[in-house]
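Here's the structure, in structure tokens; my notes come after.
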Amino acid sequence: MMALFEGGTPNEPGAARALYERALGEPNAALRWCVDAANIGLLSRAVRELDATTALEVVLPAHDEAPDRTVVADEGMLVPTLRRLREQRPEGLAFTMTNGRPYVLPPPALDISTNDLCGLKCIMCGNRASRRDPHTISVDDVRALVDEAAAWGIRRVALTGAGEPFRDPAMLEHVAYANARGHLVTITSNGFPISEKMAADLAQRNVSISMSIHGATEATHDAIVGVPTAAEHAWRAVRRLVRARDGRPDSKLRVNVSSVIQRDNLGEIPALVRRAREEGCNGINLQPVNLQHGFLKAGAIVRRDDIGAMSRLWPVDRAELDRVFEELSTLKPECGRFLHASLERLALLRRYFDDPSRDALGVTCRVGESFLAVDHRGQIKPCYRLPWSYGDARFQRLRPLWNSEAYARTRALVESCPLTCMNNCFFRKEAAS
Ligand code: SF4
Ligand code: SF4
């Protein structure tokens, strides 16, 4: 393997390029490139020029300060280019660190839960918080996290977690602040708190709102969330947002519906897709009900299914499942991206309801690379479904944790997680062994 810039990038004009051109002339099928701020531009060029058969290892300078703290030099500056290069060249490009471990790009978004209050009683969710938790992170804490994400090269924050985000009185301020730091903001809401004034404010922001609606009919949604008039409020919020969005030609507001497929609404899902379109939404996101819990024991994740909830919520009518998923697959070509799930994912969801085991699905979780959350108490969470934490984000920075030795072990644990919680985009096909 040919190594480039192991001793740093030479300062003399043209010297780095001369070294690179000399390397191009060598009959090597592999190149090890020690990247830094001075040669990242040349690396971009190399990725365009190098033969697709040349394996390229990009090595980032990293220093292990502690088992849970690894500092990568110039990371915030390097990340946007490295992300682009990864997209341009998904194969044959490896990122590693000088400490010998693989380098993992920051997650595409940082999830921050600023509030756990929620007035609904969804049958598939245990959150019944009716009083604000006094340990909730402050506005300044949220801002510090938004700043950290921006400096790390993250461009999206999801201000959603355990509760209804708009019960946080500072939510509009958070959105404006995150936008000013270059983030797209995503929020999932039940719609109750969204007034005309709030919708008008959101229409000026770069924000995507997903309204949780679990049925095409009012009665079904209200029954699932356990509150009369919940559907009326959710659709009223959708209409307010759609009107506010359409009232501003330059609006970046996106209005989506998000629904959890379960026994009581299965038959209405295709009608819900149609209704969301008719109401002027930008898209609809479908997730299957998940009734698995997990806990950590002796360094492994153990799965425990909620048998009681399954007996009430799990769709069991296979003929109806077939009919609904066939209809969704027929709707997909006419809906295009409006229906977020691809045909492949719809097929996976159908199989999930037959057998949700990891073996049957042949998928593995990738939250270890694609997700990082901070809950309303500031706890750093590799995922929301397992009771684990990496300490308090008010005292521990996220960036040095992400590529640390300790987090590499977490990633390995996630890879082997026996749960199949089917959170969107957290799955990839299991690699053949
Ligand atoms: S709206 Fe969300 S947080 Fe509230 S009960 Fe329903 S699922 Fe849980
Ligand atoms: S499958 Fe992934 S997201 Fe779900 S519990 Fe396991 S590690 Fe967490």
Task: Within region 35-157, percent of DSSP bridges classed antiparallel, to nearest 5 - done: 45
Task: Between region 141-197 and region 239-299, the alpha-carbon center distance in angstrom - done: 18
TODO: Report, by chain and number, residues whose modeled amide H sits under 5 Å from the one on A94, excluding near sequence neighbours (fewer than 5 apart, same chain).
DONE: L56, E57, V58
Task: region 155-208: relative contact order as a whole-number percent, Cα under 8 Å and 6+ apart - done: 44
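Expected output is a single nm value to one decimal: the length gained when fully extending between K297 and E21, i.e. 0.36 nm times separation in residues minus the C-alpha distance. What is it? Before the final figure, lay out each step's value.
On the way: separation 276, 0.36 × 276 = 99.36 nm, distance 5.31 nm.
Roughly 94.1 nm would be gained on extension.
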Task: Cut-off under 5 Å, modelled amide H: who pairs with T70 long-range - done: E65, L401, N403, S404
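Report for the chain the percent antiparallel among DSSP-assigned beta bridges with both residues inside it, nearest 5. Let's see the in-between values first.
Numbers: 17 of 54 bridges.
Taking every DSSP beta bridge within the chain, about 30 percent pair in antiparallel fashion.
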TODO: Quick one: check the C-alpha center-to-center distance for region 333-411 versus region 11-57, whole angstrom.
DONE: 34
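Could you put C281, C335, C365 in order, starting from the residue whose Cβ has the fewest other Cβ atoms within 10 Å? List each step's numbers first, then the result.
Working: C281 23, C335 18, C365 27.
Ranked by crowding around the Cβ, least crowded first: C335, C281, C365.
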Task: Cut-off under 5 Å, modelled amide H: who pairs with S210 long-range - done: I187, T188, S189, N256
Task: Of A360, I307, G100, farthest towards positive along the dipole that unit charges on Lys, Arg, Asp, Glu beta carbons give the chain - done: I307
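Expressed as a rounded percentage, what relative contact order does region 246-397 have, with Cα pairs under 8 Å and six or more residues apart?
Values: 167 pairs, mean separation 29.7, N = 152.
This gives 20 percent for region 246-397.
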- [ ] Read phi for every residue in region 340-349 and hand back ³J(HN,Hα) as whole Hz from Karplus 6.51 cos²θ - 1.76 cosθ + 1.60, θ = phi - 60°, with x for Gly and Pro.
- [x] 4, 5, 6, 4, 5, 5, 4, 5, 5, 4
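Quickly estimate the mean residue ellipticity at 222 nm for the chain, helices only: each DSSP H run with n ≥ 4 gives -39500 (n - 2.57), and the total goes over all residues, rounded to 500.
On the way: 16 runs with 162 residues, N = 433.
Value at 222 nm, helices only, nearest 500: -11000 deg cm²/dmol.
Under 8 Å for C-alpha pairs, at least 6 residues apart: give me the relative contact order for region 127-266, rounded to a whole percent.
On the way: 199 pairs, mean separation 31.0, N = 140.
Computed value for region 127-266: 22 percent relative contact order.
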Task: Formal net charge of residues neighbouring A37 (Cβ-Cβ distance under 14 Å; K, R +1; D, E -1) - done: -3
- [ ] May I ask you to evaluate 6.51 cos²θ - 1.76 cosθ + 1.60, the Karplus curve with θ = phi - 60°, for each residue of region 352-369 and list the ³J(HN,Hα) values in order in whole Hz, giving x for glycine and proline?
- [x] 4, 6, 7, 7, x, 6, 4, 4, 5, 7, x, 10, 9, 7, 10, 5, x, 10
TODO: May I ask you to evaluate 6.51 cos²θ - 1.76 cosθ + 1.60, the Karplus curve with θ = phi - 60°, for each residue of region 373-380 and list the ³J(HN,Hα) values in order in whole Hz, giving x for glycine and proline?
DONE: 10, 10, 7, 5, 9, x, 6, 7
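No value in this document is a laboratory result; all are computed from the given coordinates. Since we're looking at a predicted model, the values are computed, not measured. We place every Cβ from the backbone using ideal geometry, glycine too, and count neighbours over all the protein chains shown.
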